[in-house]
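A short write-up of the structure that comes next.
Just so it is clear, none of the values below were taken in a lab; they were calculated from the coordinates. Nothing here was measured: the structure is a model prediction, and the numbers come from that model. Here the Cβ is made from the backbone with ideal geometry for all residues, glycine too, and neighbour counts use every protein chain on show.
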Amino acid sequence: MRSKEKKIVLAIAGDIAAGKNAMADYIEKKYGGHSYRSSEVLRDILQRLDLPESRENMQKTSTMIREHFGKDIISKVAAFDLSKIKNKIIAINGVRRLSDIEALKKDFTVKLIYVEADAKKRFERIGRRKENSDERQKTFAQFKKDHLKEAEGQIGSLKKEADFVILNNSTKRDFYREIDEVIKKIIK
């Protein structure tokens, strides 16, 4: 596959509840992209082990697998999954490490997009969503403590590596407008 024919992977990074899911969903609906969650590999493993799909279980599983099989093992599995997708644009939501992106660059044109939002706004969002079984009853202190865990700890460093940074503290309309501006720059 020649480089100009490579699929475009929009690697979306950001702290918990910054708007990564909303961004991936928007790209899927408006631009005909495919939304893929980086946690799909971990969720699949937890389902097969009949374990709850909690943030804690995903973090432990990620750490264990990476320690034993290499930092990029989950990205290699994701790249294999993505290679089967027919869409030209793929939004991979929840990139946590630079090594995740490096593994994808071998087969795809990758653009890193960092989404950020204030901690209070993000905490309000996890209260409204029902994504992980252990998020519904979290306090703000527990929410802040989650950011110190290994799987979350490297996310902030991705901001300085990002091709684009989007602030998501305002309305959905403003957020979508920002996404549209980024997409226009990527798909010239």
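A few remarks follow.
- Rounded to the nearest 20, the Cβ-based charge dipole of the chain about its Cα centre (Lys and Arg +1, Asp and Glu -1) stands at 540 debye.
- Put simply, the convex hull of the Cα atoms in segment 1-105 casts, on average, a shadow of 7.1 nm².
- Highest-MSF residue in the chain out of THR109, THR61, THR171 [GNM, Cα springs under 10 Å]: THR171
- Computed Kirkwood radius, in angstrom, where 1/r is averaged over Cα pairs of the chain: 16.9
- Distances between placed amide hydrogens fall under 5 Å for ARG37 paired with ASN93, all partners being 5 or more residues away or on another chain.
- The alpha carbon convex hull volume per residue for segment 28-83 rounds to 98 Å³.
- Sites listed here are trypsin sites (Lys or Arg not before Pro) in segment 50-145 whose DSSP assignment is loop and whose Cβ has at most 15 other Cβ atoms within 10 Å: LYS71, LYS84, LYS86, LYS88, LYS106, ARG129, LYS130, ARG136.
- Cα-based shape type of segment 14-57, given that a ≥ b ≥ c are square roots of the gyration tensor eigenvalues and the cut on a/c is 1.5: oblate
- Residue order, fewest to most surrounding Cβ atoms within 10 angstrom, among MET58, MET23, MET64: MET64, MET58, MET23
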